[in-house]
1. Looking only at B:Phe245, B:Phe97, B:Phe126, which one moves most when chain B is put into a Gaussian network model with springs between Cα atoms under 10 Å?
2. Report, in debye and to the nearest 20, how large the dipole of the protein assembly as shown comes out about its Cα centre when Lys and Arg carry +1 and Asp and Glu carry -1 on their Cβ.
3. What does the average come to when, for each residue of peptide B:167-174, you count the partner chain Cβ atoms lying within 10 Å of its Cβ?
4. Rolling a 1.4 Å sphere over the protein heavy atoms, what is the accessible area per residue of the protein assembly as shown, to the nearest Å²?
5. Ranking request for peptides A:136-145, A:8-17: highest mean number of other beta-carbon atoms within 10 Å first, then the rest in descending order.
6. Just the number, please: carbon plus sulfur as a percent of the accessible area of region B:61-199, 1.4 Å probe, no ligands or DNA/RNA counted.
7. Pull out a ≥ b ≥ c, the square roots of the eigenvalues of the alpha-carbon gyration tensor of region A:2-245, then state rounded if a/c is under 1.5, prolate if not and a/b is larger than b/c, and oblate in the remaining case.
8. Please compute the net charge surrounding B:Arg51, taking Lys and Arg as +1 and Asp and Glu as -1 over other residues with Cβ under 13 Å from its Cβ.
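The values are calculated or read from the model by the stated rules, or taken from the named source; none is laboratory data. Computed from a prediction, not measured in an experiment: that's the story for all the values here. A quick note on method: Cβ atoms are made from the backbone with ideal geometry, for glycine too, and the neighbour counts reach across all protein chains shown. We work out accessible area using only protein heavy atoms, side chains counted, and drop any ligands, DNA or RNA first. Shrake-Rupley method; radii C 1.70, N 1.55, O 1.52, S 1.80 Å.
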Amino acid sequence: MIELFGVTKHFGEEVAVDGISLRVAKGELCVLVGTSGCGKSTTLRMINRLIEHTAGEIHLDGQPVRTFDEVTLRRRIGYVIQNTGLFPHWTVARNIGLVPRLLKWPRQRVRERVEELMALLGLPMAEFADKYPRQLSGGQAQRVGVARALAADPEILLMDEPFGALDPITREALQLELLDLQARLHKTIVFVTHDMDEALRLADRLVVMRQGRIVQQGAPVELLHAPADEFVASLLGGDTRGLKEAALTRVRDRMLPLGPRLLAHERVAVDAPLSQALSLMLWHRVDRLTVVDDEDIPIGELSLRRLVGSKT
Amino acid sequence: MSRRAVVGRGLRLRWWLGEWGPLAWLGLLLVLCLGMGELEGPFRWIEPDSREVLYARSSFLALLGQHVLVVGLASLAAVMIGVGGAIAVTRPFGRDFLPLVSQLASIGQTFPPVAVLALAVPVLGFGTLPIIVALLLYGLLPIVRNTLAGIQGIDPGVHEAARGMGMTRRQILLQVELPLAAPVILAGVRTSVTVNVATAAIGATVGASNLGDPIISGIVNGNTAYVLQGAMLIGLLAITVDSAFERVQRRLVQRV
C-alpha cells in the first residue's frame, strides 16, 4: 500500500507537485494521467526517492519512505521507464538478474528466477538470454525492462510511461500483457502516462493531475460519467468520451440471449468491447449483430438499441 | 561530442593493422635497434661528407628503453590523474568544477607540446624529471576530455534505471559508467600516449636522454643520418604503440 499525505515538491521557485494526497491500495493499478509538466512523473519518482519530496509524507505499508535507506528502498520497488534503460553492455539475462544479484541471491536462484521471468514475458530463453539490448525490437526491450523490474518479486511497481515510445500495435499488445500479468501477480502498480486511452484501459483507479494537483480520481467509468470540470472532460475526450466508455464495456454486458429471430449476418466476439460492436454496425450499416464465443458459436445477439443502453 | 566520433577517429587508421600488427611492428623496431649498423651503407650514401654516420654515443636499445620508460611513467600518471579527475568532477560532490575542468581540457589541447617543455624547464630544471612532468601535463588533456565525453555520453535512461534499481554510486560507476565509457576513454589514452611518444623526443633538447638524442645531435652537427635514425625509431615506436591500442580498442567496441 502506498499513501501520500500532502506531498509537495519545489524545484527552486517552481512548485512541481502541490500538496497531493493519494492512497493506492495493495494490488491496485493506479494510473496518473495529465498533460506534460503536470507533476505526474515527479510524483512517481518521489515514491522511490529518485526525487526527494519537499514537504508532506509518503508511506509504504504505513512506514515513511524517508526512514528507509534509499538503496534498500529502491531494491524493493520495481521500476520501469520509457526508454527501458537497459544496460547496453549486458545481455538480456544479465539485465534481468540485476536486482537479485544486488540482493546477493545465490547464483542458482538468480538463474532460475531469470528463466522463470523470461518465460512469463514470452521471451524464450534459448533465443533471447544471450542477446544484447540493441538486438531487440522496442517491444522486446520493454518486456525485458518489465522482467527486470519484477525480478526480485517486489510488491510495488512504478512505471513511467513505459509504453510511450512504442508503435500503437506493440503498445496495445503490451498493455494487454500487463493486464494479464497483473491479474496473476496482483502487484501494487503506479503507472504514469499521458495517453488517455492507455489510462482508461489499464486503470483500476484513474488520477487526473494538473499543475501539480490532483483534479479528480476514481474508477475510469466514474470519471467518464461525471468529470469534475471542463479540463477533465476534455482530457477524457470531450464529446467522444462516449466511445471511450464503450471501449471499457464488454459486449457480454449488453447482449441478449438468442431470440426467435434469424441470426444476424455480422458477428462480434462476446469479449469484444462495445466500441468494436458499434464500429461493426457502422461499417456494415446494420443495427443487429450475432454474438459468438471463442469457438465462433452463436450465443446471443446485440441490437443497436441494447448497445446504446436505451431504456425503451 | 558523440561517442562514435571520438572512437571512430582512431579506427579509420586500420589499414596498417592486421591481426599480428602490433607484434610485427615491435619486431621491426627491435631489429632496427639492434641492427642499425647493417644500414651503414645507405646512411653513408645519404651523408657522404661525415666521418661518422651511425649514432654511437649510446646504444639505440638503451635510448629506446629510456624513451619507453619516460613515456610509460608519464602516461601511467596521466591516466590515473586524468581518469580519476574526470570521474571526480562528474560525481555530485565535484560537479561544481565540471565546467572549469571541461574548458581547461579543451583549451589545453590547442597548446603546442614544445611550449609545454619551454615552460617546464625554468620551473623544473633540466633532465628527465621535467620531461616526465611536461608529458604528464600534456597527456592529461585528451584523457580528461575523453573520460568526460565517455561518461556524459551515456544514455541518461541507463543512469536513471541504474539508480532506480537500487545500485549504489560505487556500483553505478564500476559496473555501468566505466564499462560503457571504456572505449572512449581508451581512445583518449591512445591519443595521449601516441602524441607523447613523439613529444618526448623534444625532451632531448632539455637534457633527457632518449630517442630524441640522435635527432637533436644530427640537427646540431648537420648530420642527416643521425636525424633519420632517431626519426625512424620514434616513428616505429609510435606505430607499435598505436596499433597495440587499436587492437584493444576494437575488442572493447565489439563487446559493447
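1. B:Phe97
2. Working: 59 positive and 54 negative charges, 115 e Å.
Result for the protein assembly as shown is approximately 560 debye, rounded to the nearest 20.
3. Values: counts 6, 3, 1, 0, 3, 0, 0, 0.
Per residue, the number of nearby Cβ atoms from other chains is 2 on average.
4. Numbers: 27370 Å² over 568 residues.
With the other protein chains kept in place, the protein assembly as shown gives 48 Å² per residue.
5. Details: A:136-145: 20.7, A:8-17: 14.9.
Going by the mean number of other Cβ atoms within 10 Å, highest first, we get A:136-145, A:8-17.
6. Values: 4400 of 5920 Å².
In region B:61-199, the share of accessible area belonging to carbon and sulfur is 74 percent.
7. Details: a/c = 2.04, a/b = 1.37, b/c = 1.49.
Oblate.
8. Result for the neighbourhood of B:Arg51: -3.
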